[in-house]
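Trainee: Structure below; questions to follow.
The values are calculated or read from the model by the stated rules, or taken from the named source; none is laboratory data. In this text the structure is predicted, and so the values were computed from the model without any measurement. Here the Cβ positions follow ideal geometry from the backbone for every residue, glycine too, while neighbour counts run over all protein chains shown. Quick note on the areas: whole protein, heavy atoms, side chains included, nothing else; ligands and nucleic acids left out. Shrake-Rupley method; radii C 1.70, N 1.55, O 1.52, S 1.80 Å.
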Amino acid sequence: MRSNNPVLTKLRPQQASGGYYQGGHQGLDGFGGYGQPAPSAAQAERPMTVDDVVTKTGMTLAVIVVFALINFGLAKAGMVGLAVGLTAVGGIGGFITVLIATLGGKSGPVSTLIYAAFEGLLVGGISLLLSGWLVGGANAGALIGQAVLGTLGVFLGMLFVYKTGAIKVTPKFTRFLMGALIGVVVLSLGNMLLAMFTDANPLRDGGILAIIFSLVCIALAALSFLQDFDAADRLIRAGAPASMAWSVALGLAVTLVWLYTEILRFLSYFTQR
């Protein structure tokens, strides 16, 4: 079964007991297939547990929050130019780190925490921009707090949905989600090009179409959690090595940051009115 999360696509457990397979050149082949047993060193490593995933994810999110606060603090201290520059560095650095982790097929503590640092800088800068603090001193704290609570609520809600089996992660569900995500990417790129060459920005200008688009992105980010949970669950049940928890943490962080950004953007539309 495929996973739409770029970080988790190459992590695939063998469904026979005692084996674990890390995908290589086969690319986006998901979690449902059989593979060759991992090297003996990997087999000797302690199997991954839920506690491993929770701990590594918590550490990753903590680093994101710390660096977001650093960038936010720089802007509030009057170093707006530096904060904006660090936001750009965070966006580019985070993208490159995820790309390397995706191509490598596995993420360790170093790459995951480096990504978290970059993404923290990006999140801090985007929070300033979307909350309106940089363009009028709007009450950024209230808006950001609502976005954080909304993100946490969606995450816990989708975890409950997954645990209860209300929505099953099936091949049909995966195909639907993949198609929807591709559609969102194409629309976003088209909107970006339109904004670059014209004054039109229909998907991000706060109008009705922009609100609908943000709601669609929020829904897709929420549904993506189901695949992230399913990927982690399969790895744990297959006895994957404990070090794989860092890759799961990175994948969850990617989805969480996307969801937070979309919720914050959605809420910002109503403060602009």
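Trainee: Given the condition modelled with pLDDT of 90 or more, in contact with a Phe, Trp or Tyr (Cβ under 6 Å, 6 or more places away or on another chain) and among the aromatic types (F, W, Y), answer yes or no: does some residue in region 161-181 qualify?
Mentor: Checking region 161-181: at least one residue is modelled with pLDDT of 90 or more, in contact with a Phe, Trp or Tyr (Cβ under 6 Å, 6 or more places away or on another chain) and among the aromatic types (F, W, Y).
Trainee: Would you confirm whether or not region 153-170 contains a residue that is open to solvent by less than 50 Å² (accessible area, probe 1.4 Å) and more than 19 Å from A219 (Cα to Cα)?
Mentor: So far as region 153-170 goes, no, none of its residues is open to solvent by less than 50 Å² (accessible area, probe 1.4 Å) and more than 19 Å from A219 (Cα to Cα).
Trainee: If we scan region 183-202, do we find a residue that is open to solvent by 30 Å² or more (accessible area, probe 1.4 Å), closer than 28 Å to I114 by Cα and touching a Ser or Thr at 6+ places or on another chain (Cβ under 8 Å)?
Mentor: no
Trainee: Do the conditions hold for S243, that is, is it polar (S, T, N, Q) and surrounded by 19 or more Cβ atoms within 10 Å (Cβ to Cβ)?
Mentor: No: the conditions fail for S243.
Trainee: Same structure, new question: Pairs needed: first member in region 46-58, open to solvent by less than 50 Å² (accessible area, probe 1.4 Å); second member anywhere, in a loop (DSSP other than H, G, I, E, B); C-beta distance under 6 Å; at least 6 residues apart or different chains.
Mentor: M48/A240
Trainee: Another question about this same structure. Could you grab the pairs with beta carbons closer than 7 Å, sequence gap of 6+ or different chains, first residue in region 150-176 and within 18 Å of V54 (Cβ to Cβ) and touching a residue at least 12 places away in the same chain (Cβ under 8 Å), second one open to solvent by less than 70 Å² (accessible area, probe 1.4 Å) and among the aromatic types (F, W, Y)?
Mentor: Here the result reads T151/Y260; F155/F225; M158/F225; L159/F229; Y162/F229, each pair linking region 150-176 to a residue that is open to solvent by less than 70 Å² (accessible area, probe 1.4 Å) and among the aromatic types (F, W, Y).
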